[in-house]
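Written below as structure tokens is the structure these notes are about.
The values are calculated or read from the model by the stated rules, or taken from the named source; none is laboratory data. Because the structure is a prediction, the values reported are computed rather than measured. Glycine gets a Cβ as well: all are built from the backbone with ideal geometry, and neighbour counts include every protein chain shown. Ligands, DNA and RNA are stripped out before the accessible areas are found, and what is left, the full protein with its side chains, is counted by its heavy atoms. Shrake-Rupley method; radii C 1.70, N 1.55, O 1.52, S 1.80 Å.
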Amino acid sequence: MSTNDRGTVKVENGRYRFEGKFHYGYPNDPIRNEDGELMGVTNPRDLTHVHMYGGEAPFFEGLGQGKLLGTRCDNSNCEANGSIFIPFRIHCPDCLSKNTIVDMTETAQKGATVHTFMITERTGAFNTLPKPIRFVNVEFEGVPTILMGYLSVGEPKIGMKVIPIFNTTNPTFTILDLSWVPEETNETELPEGYTFG
Amino acid sequence: MIKFSKRQLKTPKMQRPVYLVTGGMSKFGRSIPEKRTEELVIDAFVEAAEFIDKSPAELKEYIHSCYYGHFADHFGDQLLGESVIHDRLGLDPLGNVGIKTGGATGGSTLWEAFKAVASGYSDCVLAMGWERMDEVPTDEGNNYIASAADKDWETPLGHIYTGYYAVMAQKYWQVFGKEEDSFRQTMAEIAVKNRGYARMNPHAQGPMDITVDDVINSPVVAYPLRALDCCLMSVGAACAILCDEKTANELTDNPLEIHVAAGSHTLRVADRRDMEIPLLPNESPDQYKDLGNRFPGGDRYPGFTGFLAARMAAYYGYRMAGVIDPVEDFDLVELHDAFTISDIQTYEDIGIRPYGEGRTYVESGDCYLTNPKTGEPGKLPANLSGGLIGNMHAVGATGIMQAIEIGQHIWGRWAEMHEDQSKWDLFGRTKPDDWTNLQVDGAKRGLAISHAGVGSHVTATILVHPDHQLERNES
Ligand SMILES: [Zn+2]
């Protein structure tokens, strides 16, 4: 059985259109102990979930175009009025009004700061990032929240200035299309497919 | 800045008092291939019935509704697993509901059970929790656990939950621990203590007789966290029976009053916004004014270093029970020691120590049964069960296990439940030659903290001997 003919999905007229194969079942195996007694069975299968980004779609599209989008509450009656949210929040968490999309690329390029970080060799199944992963949590001027991401060049340190890079060549349309590098990094040092936007 | 309204901060007021009558636990292990989850749940239930000299059938006659804590459905590939358990316990047609709040699931299950009795809906309820994370390969398990983080913004980053927590540990380690060797040593002491206490517990999965150096030399998981700084991953079950006063006294001579409160915070740490520190009864508004001077980088609250959910669970819970100072008012605690460093963070969130000074709870010796510095009883022994590091973290069962352990101390029956050779034999475990009774003499009140992941949910369960209630300010 192969997954080469794996399925694709489109949305047409407000409906999902599935084409191709989405799930693969495999025969189960018995599980026995040292004495040959039956303990259980395996339940192997491959499957694909479909997931909509909804109001966050512009953010994930933007990454592939070299843009870091945030949102802002523009409700003048709200305590959070003027607050910029990264992670991108579709609605203001206080007044629940629809936020305005704001382009934060330039703010981030002027120098975001590593609030904290972590380096780990351990990953879970389906990880696609090279190991070790250098997690960095990044603060921006004028943004009350702290975004999680990963560092692609150099070693992280609290307080270090970083700038965003984007997978603009072959985007995955996931959060992995956004990464960070130290401020003075050269374009030649970036991982394949990534640019400064 | 986030602000909370007066209504949001109201002290919960129940319709009637609620009592813990009994509880029981299964064996805990990394894997238990010879038993289905249903069998482990029955083991826990039978222990709870026997604890009050009832047969399982007799105890079941009292139960009116059931609360089931089980976090990770996807591990078992069985939705409505609660319904399977409910049927195997023979509790149909009673109403039942599943509760899921990550690592806090056990505590949240008690919270729901508590409210069901307090409201008058039921006079006697079952709170049962379990978890089974052994039936997938380790890397698939890591992915499944990581799916409790935000699936678009976090999970793709390595599919490894430890990493999402570890960034917080790093921040605390640098800002409040100041990367000092002495702080590293204090973290290690917690791991030594809890694994050592686990040696006296026949249920425990991770007993170890180790030293501080063993912890500091264990492999790095995500610096500064090392393998021996981290909690266990377990299979097992635990249950508690909660009743109103009348029913409690029919079932036992010795019920304990129980209060449960809960708090929450953003699933993504990235979404946390700054606020003023909500104060516990033993804190004053000006005591944190210079926190940022004493600990540069530590002036952002809760930032990445405080658990607001734990603070709020204590905020509500202490006021419900009349607790002013946890060190004075409690005789023991069971804390959610997922990692040694998060244990230290929690001391501050729940007011055992002020923010920034959590380490001194360990360094003073207060957290031990016998203070190693003075040879006197510790002021507030912590995690005598072995905690999550030494005993177990069978997620849905953990918060319930903690409450039962505390109950056994207040009932003065800790030794009875941990010493008996037949239990060690039943679980296939060797009782150590130097087995020691960890009973806290004269324990009257205790606290259990149940905590989810990076702090999305936390509950505070408070148990009080009815003859030793604290004065409550009814304002
Ligand atoms: Zn708003």
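With a 1.4 Å probe on protein heavy atoms only, work out how much accessible surface A and B bury together, total over both chains, in Å² to the nearest 100.
Details: alone 12840 and 18830 Å², together 28120 Å².
Summed over both sides, the interface buries about 3600 Å².
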> In chain B, with Lys and Arg counted as +1 and Asp and Glu as -1 at Cβ, which of these residues, B:Y165, B:S182, B:A48, has the Cα nearest the positive end of the dipole, that is, farthest along it?
Replying inline: B:Y165
> If you place +1 on the Cβ of every Lys and Arg and -1 on the Cβ of every Asp and Glu, how big does the dipole about the Cα centre of region A:54-195 come out, in debye to the nearest 20?
Replying inline: 300
> Dipole of the protein assembly as shown (Lys/Arg Cβ +1, Asp/Glu Cβ -1, origin at the Cα centre): which of B:Y301, B:Q469, B:T101 lies farthest to the positive side?
Replying inline: B:Y301
> Treating the beta-carbon of each Lys and Arg as +1 and of each Asp and Glu as -1, no other charges, what is the dipole magnitude of the protein assembly as shown about its Cα centre, to the nearest 20 debye?
Replying inline: 1520
> Over chain B, what is the relative contact order in whole percent, taking alpha-carbon pairs under 8 Å and six or more residues apart?
Replying inline: 25
> Under the rule of -39500 (n - 2.57) per DSSP H run of 4 or more residues, summed and divided by the residues of the protein assembly as shown, what mean residue ellipticity at 222 nm is obtained, to the nearest 500 deg cm²/dmol?
Replying inline: -7500 deg cm²/dmol
> Per-residue HN-Hα couplings for region B:219-224, Karplus 6.51 cos²θ - 1.76 cosθ + 1.60 at θ = phi - 60°, whole Hz, x for Gly and Pro?
Replying inline: x, 6, 8, 7, 3, x
>> Please give me, ordered by residue number, the GluC sites (Glu not before Pro) of region B:412-475 that lie in loop per DSSP and have at most 14 other Cβ atoms within 10 Å.
In response: B:E471, B:E474
> Using only the Cα atoms of region B:433-475, what do you get for the radius of gyration and for Dmax, in Å?
Replying inline: 15.7, 53
>> I'd like the mean, over residues of B:166-175, of how many other protein chain beta carbons sit within 10 Å of each residue's own Cβ.
In response: 5
> Mind checking the alpha-carbon convex hull of the protein assembly as shown and giving the volume per residue in Å³?
Replying inline: 181
> Can you pull the semi-axes for region B:368-475, root of five times each eigenvalue of the Cα gyration tensor, sorted largest first, whole Å?
Replying inline: 25, 20, 15
> Ranked highest first by the average count of other Cβ atoms within 10 Å around their residues, in what order do B:303-311, B:234-242, B:461-469 fall?
Replying inline: B:234-242, B:303-311, B:461-469
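Keeping all protein chains in place, calculate the accessible area per residue for chain B (probe 1.4 angstrom), answer in Å². Intermediate results must be reported in sequence, preceding the final value.
Working: 17000 Å² over 475 residues.
Solvent-accessible surface per residue comes out at 36 Å².
What translational diffusion coefficient, to the nearest whole µm²/s, does region A:54-195 have by Stokes-Einstein, given a Kirkwood radius computed over alpha-carbon pairs, a temperature of 10 °C and 1.306 mPa s viscosity?
101
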> For region B:143-196, what log10 I(q)/I(0) values come out of the Debye formula at q = 0.26, 0.32 1/Å, with one point per alpha carbon and no solvent?
Replying inline: -0.88, -1.09
> Between B:Q421 and A:Q65, what is the FRET efficiency for a Förster distance of 56 Å, r being their Cβ-Cβ separation, to the nearest 0.05?
Replying inline: 0.20
>> Given Cα positions, please report Rg to Rh for chain B, the hydrodynamic radius being the Kirkwood one.
In response: 0.94
>> From zero outward in steps of 10 Å, how is the percent of C-alpha pairs of region B:292-418 spread across the bins?
In response: 12, 41, 37, 10, 1, 0
> Using just the C-alpha positions of region B:123-281 as equal point scatterers, what log10 of I(q)/I(0) does the Debye formula give at each q in 0.13 1/Å?
Replying inline: -0.97
> Hey, if you drop one equal point scatterer on each alpha-carbon of region B:92-158 and run the Debye formula without solvent, what base-10 log of I(q)/I(0) do you get at q = 0.13, 0.23, 0.25 Å⁻¹?
Replying inline: -0.54, -1.00, -1.09
> What whole-number value in Å² describes the accessible area per residue of chain A for a 1.4 Å probe?
Replying inline: 56
> Protein chains only, probe 1.4 Å: how do B:S55, B:S385 rank by accessible area, largest first?
Replying inline: B:S55, B:S385
> Which one of A:V41, A:N28, A:G14 is farthest out on the positive end of the charge dipole of region A:3-47, using unit charges on Cβ (Lys, Arg +1; Asp, Glu -1) and the Cα centre as origin?
Replying inline: A:G14
> More than 23 Å apart: what percent of Cα pairs in region A:1-115 qualify?
Replying inline: 60
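Count neighbours as other Cβ atoms within 10 Å of each site's Cβ, and list the chymotrypsin sites (Phe, Trp or Tyr not before Pro) in region B:1-55 that are DSSP loop with at most 16 such neighbours. Spell out each step's value before the answer.
On the way: sites: B:F4, B:Y19, B:F28, B:F45, B:F51; in loops: B:F4, B:F28.
Filter output for region B:1-55: B:F4.
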> What does the convex hull of the Cα atoms come to per residue for region B:1-141, in Å³?
Replying inline: 146
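If you take the C-alpha gyration tensor of region B:52-203, multiply each eigenvalue by 5 and take the square root, what semi-axes do you get, largest first, in whole Å?
Calculated on Cα positions only, the semi-axes equal 36, 22, 16 Å.
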> Counting only protein heavy atoms, what percent of the accessible surface of the protein assembly as shown is carbon or sulfur at a 1.4 Å probe?
Replying inline: 48
> Distance in nm between label sites at B:S83 and A:N81, each 7 Å beyond Cα in the beta-carbon direction?
Replying inline: 5.0
